[in-house]
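The values are calculated or read from the model by the stated rules, or taken from the named source; none is laboratory data. The structure displayed is predicted, hence computed values, not measured ones. All Cβ positions, glycine included, derive from the backbone under ideal geometry; neighbour counts span all protein chains shown. Heavy atoms of the whole protein, side chains included, go into the accessibility calculation; ligands, DNA and RNA do not. Shrake-Rupley method; radii C 1.70, N 1.55, O 1.52, S 1.80 Å.
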Amino acid sequence: MKNIILLALLLLFTFLSASPESINPDLLTKRWPAYWIAHPTAPLCEYGVYHFRKVFSLEAQPETFIVHVSADNRYHLNINGRSVCYGPARGDRYHWRFESVDIAGYLQAGENVVAAVVWNFAEYAPVAQKSVQTGFILQGDGPPERIVDTDTSWKVIKNTAYQPLVNHGALLHQYIVVGPGDKVDGLQYPWGWQSIKFDDSEWPSARQLTNGQPSGTGTDLQWILQPRTIPLMESHIQTFSAVREAEGIKVPEGFLAGFSEFKIPPLTNIRILLDQGFLTTAYPQLVVSDGTGASMKMTFCEALFDQNGEKGHRDVVDGKKIVGYYDMFLPDGGQHRLFRPLWFRTFRYVELEIKTAEQALHIHSLNSEFTGYPFVQNAIFESGDPSLKQIWDVGWRTARLCAGETYYDCPYYEQLQYVGDTRIQALISLYASGDDRLMRKAIQMFEDSRAAFGLTESRYPSSRPQYIPPYSLFWIAMVHDYWQHRDDEKFIASMLNGVWSVLDWFNGYVDETGMLGPMPWWHFVDWPDQWAWSEERRIGGVPPGAGDGHSSNITLQYIYALNYAAGLFNAFGRHSDADECVRRAEHLRKATLDACWEKSRGLVADTPEKKHFSQHANIFAVLTDMVPPEQQRTLIEKVLSDKDLVQCTFYFRFYLTRALNKVGLGGRYIEMLQPWRDMLDIGLTTFAERPEPTRSDCHAWSASPNYEFFATVCGVTPASAGFKTVRIEPRLGPLLWVKGEMPHPQGRIKVALERVRKDGLKGIVELPDGIEGVIIWNGKEKEINAGVNEIR
C-alpha cells in the first residue's frame, strides 16, 4: 500500500481542468516570445525520446501561473516531479493545438523545476499522428510567467534507454497502425530527471528552432498554433480483476489490490496472465526494485486465440494463447522503478513474462491508469426488458473506449477517426452525454482535410491520405445532424462551401445514364461476406458497380446527401444552391429507379444488370424516397424477410433502423438486437467490428443501440433545427414500458411511458423550459409543452 500511495503522490497523471477562461490576446495574434526548442545535435525527423528541464525560482507561491504548451509528436509535462498534463490534442500542422494550464498549485516558494518528456516516433508513429519534426514549446501567459518560456536556458538530453518495437502487424496478421511498443533499458534511463534535486549540469542547452506562431500570422511557418478545443483526458487508476494463469510463481493474494508484494528468485522464468475483466484503454504501470539483468515483457490483447486462430468465448483461457503488441522493460537494479509506456495500450488480457538473472526481482505493484475523453453519462434508460441494461452498459463502454483526443474507429488496431464511425459516435455523445465538443471538433477536422478536388479525407487526422467518397457524403449528414441538435449557426454556415464542394465532385461523375458512372477511390459501404476484401485491389466492402459505375448504392447515397444539403442551404439563405440539390436529386432518383427496379422481385438491384441485390440499396431507396411512400413499408418488409439479399452488418444496421422508423416499423428494432445479444453470449465486454470472426472486439459503430434506445425506442428526435422543438414518437415493440432521461441544450428530456392494453399508451413526458413539441402514437399527434405533460 505504501508504494501505491507513493505512486499516486509523485508519478501519476492528475488531469485537472486547468485551462483558463481566456488566453492573453497577444498570443492569439502575435508571434510568441517563446521558441520551439529541440536537442542541439539530434536529427529532427528521426525516432527519439527527449527530456527537457528548466529550474527557476519564485519568491512566493503564485495564485495563478498559466502556461501554454505543445510539442511534436507529443509531450508529458511535469512540475516539481508531479504530472500536470499531456498533449497536444491531435490535429495537423495547420491546426497544431496547444494546451493552456494553470500550474500555480504545483509551484512553491524557492526553487522549482518544469520538466517535459517529448517523443517523436518518426516513421513508426501512429497513422493518426501528423508531424513536422521534433519540437517542444512552452509559453508563459503574461510577464510573471515568462520566466519559463522555452529558449536556450532550457536543458535537454536524448534518452537512449528507448528503442521502438514495431512488429505488430506481422504478429497479428492484421492492419494495425497505433505506433510502436517501447523497449526501455533501465541502465540507460536518467531516473529522477523530473525532480528539483536531479543534477542536469552535464545536459546541453536546447537549440532554438523558431518562435511560436498563432494561426493567421507570420511567414515560413512550421506549426500553426491554435488553442485546444476539448478538455483534458479523464484519468483514474484501475486494478486487474484476476490472475488467470501463473507459471513458475505463485502470485500472493492481495497483490492486484495493492496489499501485497512478491519476489522472483534469481535465474527464474515466470509467466502471469492477468485479466482486467473488461476491455479498457489505459497506461499499464509496473513498479519493481532490484533485478539487475532481468527482462520483463508485457503483451496486450483484446482476446486470446485458440490453436486455430479463433477467439471463441472471450472469458475462456484454457488452451489459448496471447498474441498482440508488447513492451519490454530491462530493470537496472534500482529501487521503485516505474515502467509505463509512452502511449496507452488497449487490453483485456495482459501477459507478463519475466526472466531474472543473478539478482532477485521485487515486484511492488501492477495496475493501470485509464485514459479517454471525459464523457459523463448523463442519460438513463430503463425498460421492461432488463437484458437491455447490459446492452446499454456494454455499448457505453464501447463508445467510451472509442473516444480520446479524436473519435476512434477502434482503440486496439487503428485509433483513426473515420467519418462512417464518427457520425454514429457523435450522436451517441449528444444523447448519452450531451457533450458536443468532440463532435464539433470532428466536423471541423474533416472540413480541414478536404482536398482541392472537393472530397474530405475518409479518416482524419491521418499521415496516409485515404478517400472513401461515400464518407464525404456522410460528413454532410454529420453537419446536418449537428445543425438539428445544436443552435450554432456560425459554425454550420462555415461548413456550407465544403458541403457544396463534396456534392460538386460527385456531380462530375454523373454520366449519360443519369447515374454515377465510374469513379476513383475506395467506395466502401459495409462489411458483408459477399463484398470481401481484395488483396489485389487493396479494397473491400464495395458493392457491385461502386467503382466501375452505375451502383444504385452509391448513387442513392449521393441523393441522400443532396436532400440533407438542400435543407441546410435553404435554412441559410442559399436558395439557388438548395434548388440545384433538389433538381439533381430528382434527376438521379428517376434514372436509378428506371435502371435498377426489378419489378418481378419488387426490389432495387445493385446495378442495372439486376444480378445482385442487397439490403443496403433498398434501405436507401426508402430513405431517399426513390420508391413512392405507399410502397416503402412493403419494400422494407421484404428487406427484412428476404435472406437472399446481401445482409447489413453492425455498421449498416444504423441506416436500416432509419428506414424502419421512416415506414412505421421501428417497433421491430428490439427484436433485431439478437446480434448484440450474441456478442454478449460469447463474453464480449465491448461490441465488435463485425460478426464472428471479427478483427476488432471494440468498434465504435456497433455502439449504436445507445443512440437507438432514445431516438428509436423512446422516439426522441429534434422537430426543428437546434433542437428548439421536440418530436417524440415512441416505438416500444414488445416492451411493456420504458423510462428515459437524456440531456438537451436547455435541460433534460424525460419520458416514462407504458402500454395500456394492446394499442394504448399512458405516462409522462417532461420537456425543459422554453421547449415545445409533439408526441405521436399510432398515427395520432398531440402537442406537448415545457414542463410535465401527462400522456393518455
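Observations on the structure shown:
- Only one of GLU202, GLU145 that is acidic (Asp, Glu) and farther than 27 Å from LEU338 by Cα: GLU145
- Residues in segment 620-649 that are in contact with a Phe, Trp or Tyr (Cβ under 7 Å, 6 or more places away or on another chain) and part of a helix (DSSP H, G or I): PHE620, LEU623.
- Test result for PRO675, within 23 Å of the chain's Cα centre (by Cα) and more than 30 Å from ASP275 (Cα to Cα): no
- Selection of segment 715-761 for residues being of a type in the set (S, T, N, Q) and in a loop (DSSP other than H, G, I, E, B) yields SER720, GLN746.
- Qualifying residue in segment 196-212 (condition: closer than 24 Å to TYR373 by Cα, within 30 Å of the chain's Cα centre (by Cα) and open to solvent by less than 60 Å² (accessible area, probe 1.4 Å)): no
- ARG90 vs. criteria basic (Lys, Arg) and either under 30 Å from GLY186 (Cβ atoms) or buried (at least 18 other Cβ atoms within 10 Å of the Cβ) (or both): yes
- Residue among GLY186, GLY179 that alone is crowded, with 17+ Cβ neighbours inside 10 Å and on the phi > 0 side of the Ramachandran plot: GLY179
- Residue within segment 542-549 that is over 18 Å from THR607 (Cβ atoms), at pLDDT below 95 and over 27 Å from the mean Cα position of the chain (by Cα) present: no
- Meets criteria (without any contact (Cβ under 8 Å) to a residue 40 or more places away in the chain and hydrophobic (A, V, I, L, M, F, W, C)) for VAL316: no
- Lone unmet requirement of (1) open to solvent by 20 Å² or more (accessible area, probe 1.4 Å); (2) over 22 Å from ARG633 (Cα atoms) for LEU568: (1)
- Those residues of segment 542-592 which are farther than 17 Å from TRP483 by Cα and among the small types (Gly, Ala, Ser), in sequence order: GLY545, ALA546, GLY547, GLY549, SER551, SER552, SER576, ALA585, ALA591
- Helices (runs of 4 or more DSSP H) (entirely within segment 437-546) containing at least 1 residues that are of a type in the set (Lys, Arg): 437-449, 489-493
- Of the candidates ALA566, ALA578, ALA585, the single residue that is in a helix (DSSP H, G or I), touching a Phe, Trp or Tyr at 6+ places or on another chain (Cβ under 6 Å) and free of Cβ contacts under 8 Å to residues at least 60 places away in the same chain is ALA578.
- Top-ranked residue of segment 348-365 - restricted to ones that are out of contact with any Asp or Glu (no Cβ under 7 Å at 6 or more places or on another chain) and buried (at least 20 other Cβ atoms within 10 Å of the Cβ), ranked as nearest to GLY254 (Cα to Cα): SER365
- Among residues of segment 603-630 that are farther than 19 Å from TYR558 by Cα and open to solvent by 10 Å² or more (accessible area, probe 1.4 Å), those with a beta-carbon under 6 Å from a residue that is assigned to a loop (DSSP other than H, G, I, E, B) and not charged (D, E, K, R) at least six positions away or on a different chain give the pairs HIS612/PRO544.
- When the criteria are applied in full, GLY508 fails the requirement of being within 15 Å of HIS587 (Cβ to Cβ), open to solvent by less than 10 Å² (accessible area, probe 1.4 Å) and at pLDDT 95 or above.
- Segment 148-162 - residue that is touching a Lys or Arg at 6+ places or on another chain (Cβ under 7 Å) and part of a loop (DSSP other than H, G, I, E, B) and, of those, surrounded by the fewest Cβ atoms within 10 Å (Cβ to Cβ): SER153
- In summary, TRP737 fulfils each of the numbered conditions (1) over 17 Å from ALA432 (Cα atoms); (2) open to solvent by less than 40 Å² (accessible area, probe 1.4 Å) with the single exception of condition (2).
- Screening GLN133 on (1) part of a strand (DSSP E or B); (2) touching a Leu at 6+ places or on another chain (Cβ under 7 Å); (3) open to solvent by 20 Å² or more (accessible area, probe 1.4 Å) shows it passes everything except condition (1).
- Qualifying residue in segment 651-663 (condition: assigned to a loop (DSSP other than H, G, I, E, B), open to solvent by 10 Å² or more (accessible area, probe 1.4 Å) and modelled with pLDDT of 95 or more): yes
- Residue in segment 163-172 that is modelled with pLDDT of 95 or more and either part of a loop (DSSP other than H, G, I, E, B) or out of contact with any Pro (no Cβ under 6 Å at 6 or more places or on another chain) (or both) present: yes
- Qualifying position, being open to solvent by 10 Å² or more (accessible area, probe 1.4 Å), modelled with pLDDT of 95 or more and not hydrophobic (A, V, I, L, M, F, W, C), among GLU536, GLU586: GLU586
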